[in-house]
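Scroll down for the structure; my scribbles are underneath it.
Every number here is computed from the coordinates shown, using simple stated rules; none is lab data. Being a predicted model, the structure only gives us computed values, none of them experimental. Please note: Cβ atoms are built from the backbone with ideal geometry, for glycine as well, and neighbour counts cover all protein chains shown.
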Amino acid sequence: MQNFQIGDKVTAFYKTGKYIGEITGERPGAYVVKVLAVLKHPRQGDLHNPAEVDVPLFHERKALAFREQSNMPEKMVKPYDGDIPAYNETLLTAFDDLKKQLEADGSPHAVKSMEALRGVQREYELMYGLTFKD
């Protein structure tokens with residue numbers, strides 16, 4: 001298991017999203033990571049029933065916010081070496097990548113995920129003043 005120090009730059013997975021961040025603390029079994037960029041946008045829907053549409057709650061899942069701190073399981077944290085791109089740019093790219101995957105899929109889950117993403121997109125536009133491609 002990798003041992004990280006406060007200030008180390010890392011990549012980390014959290015609830016189907018992947019981020020670049022900085023270690024700001026340590027807890028038993030987890031590191032506290034401050035989010036600096038988005039590499040992969042979280043999937044929409046129920047984490048426990050992936051690809052299912054008929055679930056009690058179909059989650060609308062946003063990416064973690066810029067500088068949001070989150071407990072990331074130790075095994076999901078890896079070293080990162082390189083420049084850290086701008087958060088808003090990475091959020092737009094990750095969102096667009098997920099949207100393209102869902103559009104190409106066309107399954108009932110993908111259609112419902114696209115509906116959820118439209119809600120997420122509106123929030124991003126309000127929060128960050130982002131403009132998305134159609």
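One table, with the values for the structure above:
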| quantity | calculated |
| --- | --- |
| Residue pairs meeting the criteria (Cβ under 6 Å; at least 6 apart or on separate chains; first closer than 20 Å to Val38 by Cβ, in segment 107-134; second hydroxyl-bearing (Ser, Thr, Tyr)) | Leu130/Tyr124 |
| Matching residues, segment 112-134, being in a helix (DSSP H, G or I) and out of contact with any Leu (no Cβ under 8 Å at 6 or more places or on another chain) | Lys112, Glu115, Ala116, Arg118, Gly119, Val120, Gln121, Arg122, Glu123, Glu125, Leu126, Met127 |
| Residue among Met114, Met72 that alone is of a type outside the set (Gly, Ala, Ser) and more than 26 Å from Thr24 (Cα to Cα) | Met114 |
| Some residue of segment 19-32 being farther than 13 Å from Asn71 by Cα, in contact with a Pro (Cβ under 9 Å, 6 or more places away or on another chain) and not in a loop (DSSP other than H, G, I, E, B) | yes |
| Residues of segment 5-18 that turn out to be in a loop (DSSP other than H, G, I, E, B) and touching a Leu at 6+ places or on another chain (Cβ under 8 Å), as a count | 2 |
| Any hit, segment 81-97, residues being closer than 18 Å to Met127 by Cβ and aromatic (Phe, Trp, Tyr) | yes |
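Residue-by-condition table, conditions (1) outside any loop (DSSP other than H, G, I, E, B); (2) surrounded by 17 or more Cβ atoms within 10 Å (Cβ to Cβ); (3) touching a Pro at 6+ places or on another chain (Cβ under 8 Å):
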| residue | (1), (2), (3) |
| --- | --- |
| Gly45 | no, yes, no |
| Ala51 | no, no, no |
| Leu64 | no, yes, no |
| Asp81 | no, no, no |
| Thr93 | yes, no, no |
| Asp97 | yes, no, no |
| Leu102 | yes, yes, no |
